[in-house]
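Before any comments, here is the structure.
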Amino acid sequence: MYNKPVIVFEGIEGSGKTFHINNVSRFLKKKRIKFLKIREPGGSFNSEKIRNLILKEKNSFNKNTDLLLYLASRSENIQSLKKYYKKKVILIDRFTDSTIAYQHYGLGVNLEFIKKINNFLIKDFKVNFTFLNIVNIENMKLRLKKRKNLNRYDKFNSMFYKNVQDGYLKLAKKNIKKYQIIDSNLDIKSNKSIIINQVNHLIK
């Protein structure tokens, strides 16, 4: 469908997005399809430095500083992304929707301000498809308890995560043809098949 699409995996903590992006990576390797996989924040050397700064538990930045740090991380990644745009399949663990869901719907930062800087950074770089992984709060908490290391964004209250997930769903409904909602409360094997089948369709 797109040959070399940009595919993003979104969702709140414990929603399974990282598990599924890793599964897709293995699928592409088996098919010998060239791809680039990054995470946000993070990805490049400098962006990983910013990631450590953002997520360090002892840090307590205000919401505007948090936003600008996330966008600085994206700024460090975007040249690499554009270098491989339409040349390789690009898999991204969180991207612009995360900034809107977390910083606007979760923390209340002005939406137009976020959009303006995002648009300045990414310009003509387009996401072709997004898998939005959703999870109920009870399952999210259970999965977080199993993690050995928790970062600052793993420790917000339940209402914060509900607002973020509701924000994601609003974004998905605005452009439903380019989103697939994955209910992570359901059987993981079925979800793996759904995602792989869709990826297979996208790269044909």
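Let's see how each residue does on (1) in a helix (DSSP H, G or I); (2) over 20 Å from Asp187 (Cα atoms); (3) not acidic (Asp, Glu):
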| position | (1), (2), (3) |
| --- | --- |
| Asn3 | no, yes, yes |
| Phe9 | no, no, yes |
| His20 | yes, no, yes |
| Lys29 | yes, yes, yes |
| Ile50 | yes, yes, yes |
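Would you confirm whether or not region 94-103 contains a residue that is in a helix (DSSP H, G or I), loosely packed, with under 14 Cβ neighbours inside 10 Å and out of contact with any Pro (no Cβ under 7 Å at 6 or more places or on another chain)? No, because not a single residue in region 94-103 is in a helix (DSSP H, G or I), loosely packed, with under 14 Cβ neighbours inside 10 Å and out of contact with any Pro (no Cβ under 7 Å at 6 or more places or on another chain). Within region 123-162, the set of residues being out of contact with any Leu (no Cβ under 8 Å at 6 or more places or on another chain) and either crowded, with 18+ Cβ neighbours inside 10 Å or closer than 29 Å to Lys82 by Cβ (or both) comprises Lys123, Asp124, Lys126, Val127, Thr130, Phe131, Asn133, Val135, Met140, Tyr161. Among the residues of region 8-53, the ones that are small (Gly, Ala, Ser) and surrounded by fewer than 16 Cβ atoms within 10 Å (Cβ to Cβ) come to 1 in all.
Residues are listed down the side, and each one gets a yes or a no for (1) among the β-branched types (Val, Ile, Thr); (2) within 23 Å of Phe125 (Cα to Cα):
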position: Pro5; (1), (2): no, yes
position: Val8; (1), (2): yes, yes
position: Glu13; (1), (2): no, no
position: Gly16; (1), (2): no, no
position: Asn22; (1), (2): no, yes
position: Phe27; (1), (2): no, no
position: Lys31; (1), (2): no, no
position: Phe35; (1), (2): no, yes
position: Gly42; (1), (2): no, yes
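Residue pairs whose Cβ atoms lie under 6 Å apart, separated by 6 or more positions or on different chains, with the first residue in region 47-71 and over 18 Å from Asp93 (Cα atoms) and the second surrounded by 13 or more Cβ atoms within 10 Å (Cβ to Cβ) and modelled with pLDDT of 90 or more, are Lys63/Leu107; Lys63/Val109. Answer yes if at least one residue in region 59-67 is in a helix (DSSP H, G or I) and under 17 Å from the mean Cα position of the chain (by Cα), and no otherwise. Yes, region 59-67 contains at least one residue that is in a helix (DSSP H, G or I) and under 17 Å from the mean Cα position of the chain (by Cα). Scanning region 137-152 for residues that are touching a residue at least 60 places away in the same chain (Cβ under 8 Å) and in contact with a helix residue (DSSP H, G or I) (Cβ under 9 Å, 6 or more places away or on another chain) gives Met140, Lys141, Leu144, Leu150, Asn151, Arg152. Could you grab me the full set of residues in region 178-199 that are in a helix (DSSP H, G or I) and either on the phi > 0 side of the Ramachandran plot or free of Cβ contacts under 8 Å to residues at least 24 places away in the same chain (or both)? Lys189, Ser190, Ser193, Ile194, Asn197 - these are the residues of region 178-199 that are in a helix (DSSP H, G or I) and either on the phi > 0 side of the Ramachandran plot or free of Cβ contacts under 8 Å to residues at least 24 places away in the same chain (or both). Cβ-Cβ distances below 6 Å connect the following pairs, each with a first residue in region 98-117 that is under 13 Å from Lys63 (Cα atoms), a second residue that is in a loop (DSSP other than H, G, I, E, B) and of a type outside the set (Lys, Arg), and a separation of six or more residues or different chains: Gln103/Val109.
Of the residues making up region 68-92, those that are part of a helix (DSSP H, G or I) and either among the hydrophobic types (A, V, I, L, M, F, W, C) or within 28 Å of Gly108 (Cα to Cα) (or both) are Leu68, Leu69, Tyr70, Leu71, Ala72, Ser73, Arg74, Ser75, Glu76, Asn77, Ile78, Leu81.
The values are calculated or read from the model by the stated rules, or taken from the named source; none is laboratory data. Not measured: the values here are computed from a predicted model. Backbone-built Cβ (ideal geometry, glycine too); neighbour counts: all protein chains shown.
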